[in-house]
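Student: Quick one: this structure, given as structure tokens, is what I'll be asking you about.
What follows is calculated from the coordinates using simple rules that are stated; it is not laboratory data. Quick caveat, the model's predicted, so the values are computed rather than measured. No Cβ is skipped: glycine too gets one built from the backbone with ideal geometry, and neighbour counts run over all protein chains shown.
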Amino acid sequence: MMDVSRETEGRLNEYAKLLRQWSVKINLVAPSTLDDLKERHLADSAQLRTHAAHWNKWCDLGSGGGLPGIVISILSPECHVSLIESDKRKAVFLTHVVTKLDLNATVFDGRIETIDPQRADVVSARALAPLPRLIPLALRHGHSGTRYIFPKGLRWREEINEAKKVYRFDVDAQPSITDKHAVVLVLENFERA
């Protein structure tokens, strides 16, 4: 799957096991993707880290089942990850994973708009909202040097064009390594348009 230490691979495998177990009761990932969990979700999440540059604090919005936040925390134990999730059941799952795997992460059980600003070096969100709705939520938890990393599907250009009506920002669209129809958007240097 990925070139990682045995300890890290063990944590990723344990996380995948927990994700499968809990997905029976709560919808953490689409049931149709459970058979391809490592490629479809873990590798897809892990690729975001390669776009992060230097960071000490990562904030994952709408963390859901922990993708990408938990994966990032497992791969970068020296850095802190904030996981924000408003669904109480999913927040309980995230807290269980963080505790069981002894991760350097904090779960915030609440809405993105009401959680204290995290001032993170990197802010991510996977399948949360279109960019025009996502950007104001993300900016709340960043600072002037934050890098915003969002995996996006086929409509990413439309989303960029809509967002540019309200904000000026630098964008770098990198092809996804797990889905030929997707990109990883890296956004920086935000200003009001």
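Student: Distance check, please: which entries in K38/K152; K17/K88; K90/K152; K90/K165 exceed 27 angstrom between their Cα atoms?
Tutor: The answer is K90/K165.
Student: Sticking with this structure for a sec: How many Å³ per residue does the convex hull of the Cα positions in the range 47-132 occupy?
Tutor: 92 Å³
Student: Across the chain, where is the longest run that never hits trypsin sites (Lys or Arg not before Pro) in a DSSP loop with at most 15 other C-beta atoms within 10 Å?
Tutor: 26-110
Student: Need the C-alpha centroid separation for the range 92-156 versus the range 60-90, integer Å.
Tutor: 8 Å
Student: Shifting gears a bit: Cα atoms only: what Rg and Dmax, in Å, come out for the chain?
Tutor: Cα radius of gyration and Dmax of the chain are 15.7, 48 Å respectively.
Student: Once you keep just the Cα pairs under 8 angstrom separated by 6 or more residues, what percentage relative contact order results for the range 42-122?
Tutor: Averaging sequence separation for qualifying contacts and normalising by length gives 33 percent for the range 42-122.
Student: Remind me, relative contact order of the chain in percent, using alpha carbon pairs under 8 angstrom and six or more residues apart?
Tutor: Over the chain, the number comes to 18 percent.
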